[in-house]
Protein chains: 2
Amino acid sequence: MRIALDASGGEYAPNEIVKGAIKAAHEYDVEIALIGKKSLLHLLAGKHLKKLNLSIIGASQNIDFHEHPMEAIRKKPRSSIVIGINLLKEGKTDAFISAGNTGAVLCAALFGLGKVEGFERPALASIISLNRRSPALLLDAGANADCRPNHLLQFAQLGSIYTKYIFGIESPRIGLLSNGTEETKGNRLIQESHQLIKNSNLNFIGNIEGTDLSRGTADVIVTDGFTGNIVIKTVEGLGDSFIKVKPPSDYSRNLRGRALLADVGLGFLVKSMDYSEYGGACLLGVKGNVIISHGRSRAKAIKNAIGLANRAAEVNLSQLISEAKDEQ
Amino acid sequence: MRIALDASGGEYAPNEIVKGAIKAAHEYDVEIALIGKKSLLHLLAGKHLKKLNLSIIGASQNIDFHEHPMEAIRKKPRSSIVIGINLLKEGKTDAFISAGNTGAVLCAALFGLGKVEGFERPALASIISLNRRSPALLLDAGANADCRPNHLLQFAQLGSIYTKYIFGIESPRIGLLSNGTEETKGNRLIQESHQLIKNSNLNFIGNIEGTDLSRGTADVIVTDGFTGNIVIKTVEGLGDSFIKVKPPSDYSRNLRGRALLADVGLGFLVKSMDYSEYGGACLLGVKGNVIISHGRSRAKAIKNAIGLANRAAEVNLSQLISEAKDEQ
């Protein structure tokens with residue numbers, strides 16, 4: 001599989017991005033193309049190019065976090081984001097990963113690749129694994145702040161395909177995130193979406209609540225991008241707090257942070273609150289496998305994003321999505 | 001202060017409710033009236049009535065969790081919820097607490113007490129204390145699934161008064177929960193609410209994100225009741241998971257649950273995710289001090305709810321809210 005990686009995007013680019021790529025090149029059977037400032041990438045990765053399946057693609061422009069997405073992709077055709085999306089469009093890569101300006105990646109994917117027919121709004125699908133036995137996919141995690149019921153039905157369909165082929169769940173349980181389990185609960189969007197999903201051929205288990213996220217009730221958690229983003233970030237913030245906790249001065253072992261938490265059996269839970277474990281969110285519903293990583297991604301997150309991109313490319317997730325839609 | 005307590009509402013009523021009342025009667029200088037099945041309450045609390053400041057008020061009817069709120073309060077005038085709200089209306093108690101059917105308490109308060117002029121929608125205000133240095137008030141925690149910008153402005157005003165008089169913060173920092181800190185982020189509701197709150201005389205710090213909940217960025221977290229409820233329950237679910245964690249078999253000390261977590265310095269964080277620490281949410285914007293407790297409340301939560309009701313009654317929170325509105 002060929003993976004194109006935006007080496008200029010993210011708070012810790014290019015250093016941590018390159019480190020993550022090197023780790024991934026050791027771990028997975030993939031070809032990784034680093035896109036960014038050529039000279040800098042040669043400095044950072046040059047000595048690995050021959051030994052590992054790594055290459056460098058120059059990008060003379062860069063899109064900053066604070067730039068207006070649409071303007072940026074129009075004005076900067078030689079940015080790593082636009083180049084990566086073009087590679088995907090031309091079939092020169094099987095997946096593209098960026099930890100850069102999320103809005104710009106969304107716009108570039110939407111306009112460069114186009115939407116899969118039948119899906120009006122691409123959605124960001126984040127893995128949320130607060131229950132040990134049952135990791136779940138939450139979507140939309142932030143691509144669409146305002147949604148209509150039809151979009152939520154489509155998110156349910158996208159999530160069902162993803163969890164079927166990536167998690168290997170034959171009939172994924174679809175839950176609609178709400179403020180109560182009863183059918184009549186929720187805001188207007190959720191009440192109307194409930195009826196649409198209920199009348200689809202999906203394995204809909206009904207409304208689920210915030211507490212269900214830790215209970216493994218559903219395989220797919222359907223929500224609008226506004227709520228989804230707040231939930232994901234609330235969990236992330238809590239995870240950060242847990243990692244920072246210092247043991248009392250009389251604590252018997254000389255452990256801190258993750259090691260301390262693992263020592264008392266909390267390793268799994270804290271890991272489950274750590275976005276770097278999954279490396280990124282798949283953008284579902286566009287014609288191409290696009291992974292959007294967290295802006296704060298370090299090497300570990302990037303390595304895991306490459307693992308996820310590799311799985312998505314192996315099954316050709318975006319192709320499966322168009323086929324599934326055709327069958328409906 | 002006189003506190004009326006619904007002894008029939010909640011999963012563990014009346015046993016745990018009565019236990020909580022007995023604990024609170026020892027701890028606070030309050031008169032507590034237990035409302036419920038007279039004979040049962042005499043059995044449970046009878047021997048304490050003379051020693052402690054406890055009394056019993058009979059309620060021959062009971063509103064169940066699954067009953068339709070509006071119908072229930074109409075059909076059951078002798079239920080503990082309707083009796084409690086009437087006591088408040090008649091000035092025979094300074095506050096009323098219920099862990100029963102939330103919708104029914106909301107309806108009874110709305111129609112029995114009425115709204116404070118200028119506040120279109122009463123809001124549930126939950127204390128969320130994920131940051132050690134800075135507890136915050138989140139509202140609306142679930143009373144209004146669909147909101148308009150004007151409602152969110154009013155929630156900001158309600159939260160500002162609450163945190164000023166209950167937390168003692170002179171100029172509370174108001175944050176608007178969104179999917180990004182920039183003014184342009186958010187769904188339509190949030191974008192419009194942002195402008196309204198920005199142009200008010202409140203100490204508005206702008207949009208905050210899910211991660212800010214753990215960072216103590218704001219004293220008041222303003223959100224619609226749909227999003228607020230999901231956030232509160234996501235945190236609650238995580239707290240439950242943490243408490244259930246078992247240490248590895250080689251863990252040196254024979255500790256479990258809360259004791260184990262406290263042992264490694266996590267006591268505060270896990271406590272902060274536990275709704276029973278605050279006991280309940282104040283219903284702000286109605287003419288009377290109403291506290292709605294969690295349906296799963298046990299003695300500790302009820303005791304803490306009585307503490308909160310006592311503070312609200314001491315300052316006469318609902319009166320302060322009408323006065324503040326008059327001044328604006």
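Each value in this text was obtained by applying a stated rule to the coordinates, not by laboratory testing. The structure displayed is predicted, hence computed values, not measured ones. Neighbour counts run over all protein chains shown; Cβ positions are idealised from the backbone, glycine included.
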### Query
Over all Cα pairs of the range B:123-277, how is the pair count split among 5 Å bins, expressed in % and running from 0 up to the last occupied bin?
2, 10, 18, 21, 17, 11, 8, 5, 4, 2, 1, 0
### Task
For the range B:48-53, just list the computed ³J(HN,Hα) in residue order, Karplus coefficients 6.51, -1.76 and 1.60, θ = phi - 60°, integers in Hz, with x standing in for Gly and Pro.
8, 4, 6, 6, 9, 7
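Normalising by the residue count of the range B:123-277, find the relative contact order in percent from Cα pairs under 8 Å and 6+ residues apart. Intermediate values should be presented prior to the final figure.
Numbers: 275 pairs, mean separation 46.2, N = 155.
Dividing the mean separation by the residue count of the range B:123-277 yields 30 percent.
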## Note on the structure
Over 19 Å (Cα to Cα) among A:Lys233/B:Lys246; B:Lys51/B:Lys89; A:Lys164/B:Lys233; A:Lys244/A:Lys271; A:Lys19/A:Lys50 -> A:Lys233/B:Lys246; B:Lys51/B:Lys89; A:Lys164/B:Lys233
#### Entry: Label-point gap, in nm, between B:His68 and B:Lys198 - each point 7 angstrom along Cα→Cβ
4.3
## Note on the structure
By the C-alpha gyration tensor axes a ≥ b ≥ c (rounded if a/c is under 1.5, else prolate when a/b exceeds b/c, else oblate), the shape of the range B:142-228 is rounded
### Task
Write down the radius of gyration of the range A:188-261 and its Dmax, each obtained from C-alpha positions, in Å.
18.7, 58
### Message
Which GluC sites (Glu not before Pro) in the range A:2-52 sit in a loop by DSSP (not H, G, I, E or B) and have at most 13 other Cβ atoms within 10 Å of their own Cβ?
### Response
A:Glu11
### Query
What FRET efficiency do you get for A:Glu277 and B:Ser39 if R0 is 56 Å and r is their Cβ-Cβ distance, rounded to the nearest 0.05?
0.50
### Task
In whole Hz, with x marking every Gly and Pro, tabulate ³J(HN,Hα) for the range B:55-64 from phi via Karplus 6.51 cos²θ - 1.76 cosθ + 1.60, θ = phi - 60°.
9, 10, 10, x, 9, 7, 10, 9, 9, 7
### chain B, relative contact order in percent, only Cα pairs under 8 angstrom and at least six apart counted
23
### Summary
With A:Ile208 itself left out, Lys, Arg at +1 and Asp, Glu at -1 over residues whose Cβ is under 13 Å from its Cβ give -1
### Task
Using the Kyte-Doolittle scale, find the helices of chain A whose mean hydropathy is at least -1.0 and whose Cα atoms extend 27 Å or more along the helix's long axis, counting only whole DSSP H runs.
A:225-244
### Selected from B:Asp240, B:Asp219, B:Asp263 as most flexible by GNM, with chain B as the system and alpha-carbon contacts under 10 Å
B:Asp263
### Query
Two-decimal Rg/Rh of the range B:1-154 from alpha-carbon positions, Kirkwood Rh?
1.00
#### Entry: Shape category assigned to chain B from the gyration tensor of Cα positions, a/c cut at 1.5
oblate
### Query
Working out 0.36 nm times the residue gap between B:His48 and B:Arg258, then minus their Cα-Cα distance, what length gain in nm do you get to one decimal?
72.5 nm
### Query
With N residues in the protein assembly as shown, what two-decimal value do you get for its Cα radius of gyration over 2.2 N^0.38 Å?
1.03
### Task
Compute the relative contact order of the range B:5-75 as a whole-number percentage, counting only Cα pairs closer than 8 Å that sit 6 or more residues apart in sequence.
32
### Query
How large is the dipole of the protein assembly as shown about the Cα centre if only Lys and Arg carry +1 and Asp and Glu carry -1, each at its Cβ, rounded to the nearest 20 debye?
1460
### Query
By a straight-distance test (C-alpha under 17 Å), which aspartates and glutamates pair with B:Lys303 as possible cross-link partners, with residues fewer than eight away in the same chain excluded?
B:Asp6, B:Glu11, B:Glu16, B:Glu27, B:Asp29, B:Glu31, B:Asp94, B:Asp274, B:Glu277, B:Glu314
### Query
Out of residues 5 or more away from A:Ile56 or on other chains, whose amide H comes under 5 Å of its own, with H placed 1.01 Å from N in the peptide plane?
A:Leu34
### Query
What is the sum of charges around A:Tyr165, taking Lys and Arg as +1, Asp and Glu as -1, for the other residues whose C-beta is under 12 Å from the C-beta of A:Tyr165?
-1
### Query
Taking all pairs of different Cα atoms in the range A:254-328, averaging 1/r and flipping that mean, what Kirkwood radius in angstroms comes out?
14.2
### Task
Would you work out which of B:Ala218, B:Ser60, B:Tyr278 lies farthest towards the positive end of the dipole of the protein assembly as shown, given +1 charges on the beta-carbon of Lys and Arg and -1 on that of Asp and Glu, about the Cα centre?
B:Tyr278
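Sum -39500 (n - 2.57) across every DSSP H segment of at least 4 residues in chain B, then divide by the residue count to get the 222 nm mean residue ellipticity, nearest 500.
-12500 deg cm²/dmol
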### Task
For B:Asn207, enumerate residues with amide H under 5 Å from its amide H, sequence gap 5+ or separate chain, H modeled in the peptide plane.
B:Leu176
